[in-house]
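Enquirer: The structure that follows is given in the form of structure tokens.
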Amino acid sequence: MKKPTLGAVMIVKNEERNLGNILSDIRDVVDEICIVDTGSSDGTVSLAEAFGARIEHLPWSNDFSLARNHSLACAESDYLIWLDADDRIDEQDQEALRAIKARLRPGKDRAYMLKILSRSEDMSDTVSFQTRIVPNRDSVRFEGRVHEQILPSLKRSGIPVESLDITIRHTGYHDHTARVAKARRNLAILTEELREGKGTASQHFFMAMACIGMEDYQQCLEHLTHARQKRTDEDWLHFSYSISTECLLRLEWIEDALAEITKGTGIFRDSPLLHYYHGLVCMRSGRFAEGAAAFEKALALPLRMDSYPIPPDLGTSILLQYGKALEKTGRPGEVVDVYQRALKDGTRQQALHSALGIALLQNGRIDDALLHLDKARKMSPTIDTALWESLAQIYLFQQNQGQAHALYLDLLRVDPGHLHALVGVTGTSVALDDIPTFLEALEKLLVALGLPVPDAELESLAECADLCMRGVARLRDKKEKALAHRLAETALKLDPSCADAHLFVADLFAEEGDTARMAASLEMALKCGADRSEIVKRIDRAKRTENL
């Protein structure tokens with residue numbers, strides 16, 4: 001008996017840039033390649049012909065199903081895998097595809113779902129199942145001008161669908177503007193169909209998807225409402241609750257989002273994705289204990305994948321958010337355990353090393369924190385402000401001024417007005433005796449704080465210390481007490497006799513209730529020429545506080 005054949009079918013237009021990649025992936029796997037070109041003006045057709053593809057031409061008429069069905073009708077193989085020009089199939093999945101080809105059923109009575117890993121340079125990955133291999137039968141056709149569906153015809157034909165562990169990487173659009181333009185195009189086509197009387201549940205659902213692509217969140221919610229009202233047995237209801245919750249969060253309608261996701265988890269109690277969204281909403285609304293419980297519930301459920309996209313690393317994302325929720329609920333010891341557990345999954349390593357490092361830092365485990373934060377820094381494609389600041393803090397604690405200095409300079413290269421970095425560089429420059437860098441950083445700090453920069457050249461360290469204290473006063477007004485303290489310490493390194501700096505430090509010790517260190521600072525301030533009345537005022541204030 002002749003073994004069933006497998007062909008590849010595609011519709012393309014001006015895909016010269018992408019097409020060669022997928023054709024290289026499949027030419028030694030499939031028995032034929034049939035491509036419908038809808039009006040290319042570049043080298044797409046000649047490229048396809050070079051790979052031995054059969055080319056059909058069909059003028060574009062804003063109807064994806066029409067073009068897809070034309071490709072199906074032109075193919076001669078028993079089974080067909082439909083692909084896009086920006087798909088890729090890795091070598092191991094090519095081998096898996098060869099294996100499934102060898103056991104295709106002669107009766108042309110099965111269809112197969114493959115995993116679609118959608119990947120873009122500027123968006124998070126998603127993964128879903130999609131029916132990509134279908135029997136070549138006249139009754140099996142796509143429906144819908146856009147978001148074309150083949151499952152309805154398979155159901156009517158009584159053809160079961162099996163899922164396979166074969167992945168197609170869909171690279172898609174890498175540009176926000178292009179994605180919005182695609183969403184606008186899709187909405188225009190769907191709206192035209194709606195006017196023609198196609199007001200089905202799925203029609204409104206796909207219009208909602210176009211609207212969220214256009215960042216029109218209210219319109220998305222309206223179409224989701226219509227879709228649910230008309231719904232019969234469509235399979236998108238579960239996914240719709242993650243979309244509606246996302247829209248409500250983007251609109252900052254937090255209480256509405258909580259009500260929506262609570263409804264969703266009530267219907268789909270075993271959905272880790274929806275419990276994850278429940279946790280996200282709780283975090284946004286300050287319900288941290290409830291959020292931790294939601295993430296814990298999500299972790300206890302088996303991950304599920306269906307026809308609509310979820311993050312491929314959902315388990316890791318849940319653990320990351322669970323750790324953040326535990327931090328907010330004052331359970332630091334558990335946080336470290338959660339992040340260490342997440343690291344074993346092998347995904348999101350940079351984010352996890354960073355989160356674990358900060359958690360260890362908060363637990364006082366300085367050396368362990370440095371190890372993980374430094375790994376995160378080396379993995380980071382860009383400068384991560386929080387990560388760089390945390391590392392600099394550790395290096396300062398270890399008296400490694402040079403490493404802290406380099407990190408602060410990195411921050412200033414991407415954000416010249418970064419207050420933490422400017423204060424940090426003033427301190428490390430003094431410690432490293434790098435006066436030119438100190439003066440440059442001090443001037444930029446004064447500008448960033450809205451303070452005047454002296455016209456005359458500074459002639460003494462005492463003048464530099466006085467300028468630092470002007471910055472201290474402004475930082476104090478801005479409620480940046482920790483930065484003000486660090487800048488005051490720099491002033492004292494420049495001029496140990498700076499009475500204002502000693503007074504400021506005494507005030508900080510007083511706020512902390514450390515009267516012994518407050519008294520020592522006041523004594524130094526007095527020796528450095530501070531007004532005695534200022535000393536007495538602070539002592540009296542401390543006595544009144546003690547009496548209270």
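Coordinate-derived values only; no laboratory data. Please read these numbers as outputs of a predicted model, since none were measured by experiment. Here Cβ is always computed from backbone atoms with ideal geometry, including for glycine, and neighbour counts include all displayed protein chains.
Enquirer: I need two numbers for the range 91-167: Rg to one decimal and Dmax as a whole number, Cα atoms only, in Å.
Expert: For the range 91-167, the Cα radius of gyration and maximum Cα-Cα distance read 14.0, 44 Å.
Enquirer: Got a sec to turn the phi values of the range 483-492 into Karplus ³J(HN,Hα) couplings, 6.51 cos²θ - 1.76 cosθ + 1.60 with θ = phi - 60°, whole Hz, x for Gly and Pro?
Expert: Taking θ as phi minus 60°, the curve returns 5, 4, 4, 5, 5, 5, 5, 5, 4, 6 Hz for the range 483-492.
Enquirer: Continuing with this model, one more query. Can you tell which of A325, L475, P4 lies farthest toward the positive end of the dipole of the chain, using +1 and -1 charges on the Cβ of basic and acidic side chains (Lys, Arg; Asp, Glu)?
Expert: The one lying farthest along the dipole's positive direction is P4.
Enquirer: Kindly provide the pair-distance distribution of the range 497-548 built from C-alpha pairs, with 10 Å bins from 0 and whole-percent values in order of increasing distance.
Expert: 30, 58, 12, 0
Enquirer: Using amide H atoms built 1.01 Å from N in the peptide plane, name the residues 5+ places from I166, or on other chains, whose amide H lies under 5 Å from its own.
Expert: K115
Enquirer: Let me ask another. Given the -39500 (n - 2.57) contribution per DSSP H run of 4+ residues, what per-residue ellipticity at 222 nm results for the chain, rounded to the nearest 500 deg cm²/dmol? Numbers along the way, then the final one.
Expert: Values: 25 runs with 330 residues, N = 548.
Taken over the chain, the calculation gives -19000 deg cm²/dmol.
Enquirer: For a quick protection proxy, order the peptides 104-112, 308-316 by their average other-Cβ count within 10 Å, most packed first. Intermediate values should be presented prior to the final figure.
Expert: Values: 104-112: 15.1, 308-316: 19.4.
The densest-packed peptide leads the list: 308-316, 104-112.
Enquirer: Could I ask something else about it? When the dipole is taken about the Cα centre of the range 382-495, and only Lys, Arg (+1) and Asp, Glu (-1) are charged at their Cβ, what size is it in debye, to the nearest 20?
Expert: On the way: 10 positive and 17 negative charges, 110 e Å.
Once rounded to the nearest 20, the dipole reads 520 debye.
Enquirer: Separate question: Convert each backbone phi in the range 239-247 into a coupling constant with the Karplus relation 6.51 cos²θ - 1.76 cosθ + 1.60 (shift: θ = phi - 60°), then list the ³J(HN,Hα) values in order as whole Hz, x for Gly and Pro.
Expert: Result, rounded to whole Hz: 5, 4, 6, 6, 5, 5, 5, 4, 4.
Enquirer: I would also like to ask the following. Distances longer than 11 Å among the Cα atoms of the range 402-442: what percent of all pairs is that?
Expert: Numbers: 440 of 820 pairs.
Summing the P(r) tail past 11 Å for the range 402-442 gives 54 percent.
Enquirer: OK, next. Can you give the relative contact order of the range 177-230 as a percent, counting alpha carbon pairs under 8 Å and 6+ residues apart? Walk me through the numbers before you get to the answer.
Expert: Values: 52 pairs, mean separation 20.5, N = 54.
Computed value for the range 177-230: 38 percent relative contact order.
Enquirer: Taking only the Cα atoms of the range 254-307, how large is their convex hull per residue, in Å³?
Expert: Measuring per residue, one finds 69 Å³ for the Cα hull of the range 254-307.
Enquirer: Expressed in nm to one decimal, what extension gain is obtained for the pair K2 and I435 from 0.36 nm per residue of sequence separation less their Cα-Cα distance?
Expert: Values: separation 433, 0.36 × 433 = 155.88 nm, distance 8.38 nm.
In short, 147.5 nm is gained.
Enquirer: For the chain, what D do you get in µm² per second when you plug the Kirkwood radius from alpha-carbon pairs into Stokes-Einstein at 4 °C and 1.567 mPa s? Each step should come with its number before you reach the end.
Expert: Numbers: Rh = 28.3 Å.
Approximately 46 µm²/s, per Stokes-Einstein.
Enquirer: Right, something else. In percent, how large is the relative contact order of the range 6-174, given Cα pairs closer than 8 Å and 6 or more residues apart?
Expert: Values: 358 pairs, mean separation 43.0, N = 169.
Over the range 6-174, the number comes to 25 percent.
Enquirer: The chain: longest stretch without exposed GluC sites (Glu not before Pro) (DSSP loop, at most 10 other Cβ within 10 Å), sites themselves excluded?
Expert: 253-456
Enquirer: Grab the beta carbon distance between Q362 and D125, set R0 = 25 Å, and tell me the FRET efficiency rounded to 0.05.
Expert: Numbers: r = 30 Å, r/R0 = 1.20.
So the FRET efficiency works out to roughly 0.25.
Enquirer: How about the range 1-79: which chymotrypsin sites (Phe, Trp or Tyr not before Pro) there are in a DSSP loop, with at most 14 other Cβ atoms within 10 Å of their Cβ?
Expert: Numbers: sites: F51, W60, F64, Y79; in loops: F51, W60.
Answer in residue order: W60.
Enquirer: Further, regarding this structure: Figure the gain on full extension for A181 and W60 (residue separation times 0.36 nm, minus the Cα-Cα span) and round it to one decimal in nm. Don't skip to the answer; put the middle values down first.
Expert: Details: separation 121, 0.36 × 121 = 43.56 nm, distance 1.73 nm.
41.8 nm is the gain from fully extending A181 to W60.
Enquirer: Under 20 Å from the Cα of K527, which aspartates and glutamates turn up, not counting those fewer than eight places away in the same chain?
Expert: E463, D466, E489, D495, D500, D507, D540
Enquirer: When every alpha-carbon pair in the range 177-230 is counted, what percent end up more than 18 Å apart?
Expert: Details: 352 of 1431 pairs.
So the portion of pairs separated by more than 18 Å is 25 percent.
Enquirer: Next up: What is the dipole size for the range 497-548, taken about its Cα centre, with +1 at each Lys and Arg Cβ and -1 at each Asp and Glu Cβ, in debye to the nearest 20? Display every interim value, and only then the final one.
Expert: Details: 8 positive and 10 negative charges, 39 e Å.
Magnitude of the dipole: close to 180 debye.
Enquirer: Another question about this same structure. Please list, short to long, the whole-number percent of alpha-carbon pairs of the range 6-174 in consecutive 10 angstrom bins beginning at zero.
Expert: 10, 40, 40, 10, 0
Enquirer: Also, quick follow-up: Given K297/K344; K481/K537; K115/K155; K344/K378; K444/K481; K13/K230, which pairs have Cα atoms separated by over 25 Å? Could you put the intermediate results ahead of the total?
Expert: Numbers: K297/K344 20 Å; K481/K537 21 Å; K115/K155 20 Å; K344/K378 19 Å; K444/K481 19 Å; K13/K230 35 Å.
Violating the 25 Å Cα-Cα cut-off are K13/K230.
Enquirer: With N denoting the number of residues in the range 298-416, provide Rg(C-alpha) divided by 2.2 N^0.38 Å, to two decimal places.
Expert: Cα Rg divided by the expected 2.2 N^0.38 Å: 1.18.
Enquirer: At what distance in nm do the modelled label points of V414 and R341 sit from each other, each positioned 7 Å from its Cα along Cα→Cβ?
Expert: Between V414 and R341, the label points sit 3.1 nm apart.
Enquirer: Let me ask something else. Run the simple label-point estimate for A73 and Q399 please: 7 Å along Cα→C-beta, distance reported in nm.
Expert: Between A73 and Q399, the label points sit 8.3 nm apart.
Enquirer: How large is the convex hull of the Cα atoms of the range 116-272 per residue, expressed in Å³ as a whole number?
Expert: Values: hull volume 22.7 nm³, N = 157.
Hull volume normalised by residue count: 145 Å³.
Enquirer: Relative contact order of the chain, please, whole-number percent, based on alpha carbon pairs below 8 angstrom and at least 6 residues apart. List each step's numbers first, then the result.
Expert: Details: 864 pairs, mean separation 37.0, N = 548.
Reported relative contact order: 7 percent.
Enquirer: If I histogram all Cα-Cα distances within the range 357-445 using bins 10 Å wide from 0, what percent of pairs lands in each bin?
Expert: 18, 49, 28, 5
Enquirer: What distance in nm separates the two pseudo spin-label positions at R517 and Q229, each 7 Å out from Cα along the beta-carbon direction?
Expert: 6.5 nm
Enquirer: With r as the distance between the Cβ atoms of V536 and Q349 and R0 = 56 Å, compute the FRET efficiency 1/(1 + (r/R0)^6) and round to 0.05.
Expert: Details: r = 58 Å, r/R0 = 1.03.
About 0.45, to the nearest 0.05.
Enquirer: Okay, moving on. Select from S46, W60, F438 the residue farthest towards the positive end of the dipole of the chain; place +1 on Cβ of Lys and Arg, -1 on Cβ of Asp and Glu, and compute about the Cα centre.
Expert: So the residue furthest toward the plus end is W60.
Enquirer: Just going by the charge dipole of the chain, with Lys and Arg at +1 and Asp and Glu at -1 on Cβ, which of A392, L412, L248 is farthest out on the positive end?
Expert: Among A392, L412, L248, the one farthest towards the positive end of the dipole of the chain is L248.
Enquirer: Along the range 250-267, what does the Karplus equation 6.51 cos²θ - 1.76 cosθ + 1.60 (θ = phi - 60°) give for ³J(HN,Hα), rounded to whole Hz, x for Gly and Pro?
Expert: Values, residue by residue: 5, 7, 6, 8, 5, 5, 5, 4, 5, 5, 5, 6, 5, 5, x, 5, x, 7 Hz.
Enquirer: Please work out how much length the chain gains when fully extended from R331 to L451, using 0.36 nm per residue of separation minus the C-alpha to C-alpha distance, in nm with one decimal. The partial results should precede the final answer.
Expert: On the way: separation 120, 0.36 × 120 = 43.20 nm, distance 4.16 nm.
Extending this stretch completely gives an extra 39.0 nm.
Enquirer: How big is Rg to Rh over the range 382-495, alpha-carbon atoms, Rh as the Kirkwood inverse-mean-distance radius?
Expert: On the way: Rg = 13.0 Å, Rh = 13.9 Å.
Ratio of gyration radius to Kirkwood radius: 0.94.
Enquirer: Return the lysines within reach of K3: Cα separation strictly under 17 angstrom, same-chain partners fewer than 8 residues apart disregarded; answer none if there are no such residues.
Expert: Of all the lysines, those that pass the test against K3 - Cα under 17 Å, at least 8 places apart if same chain - are K101, K108.
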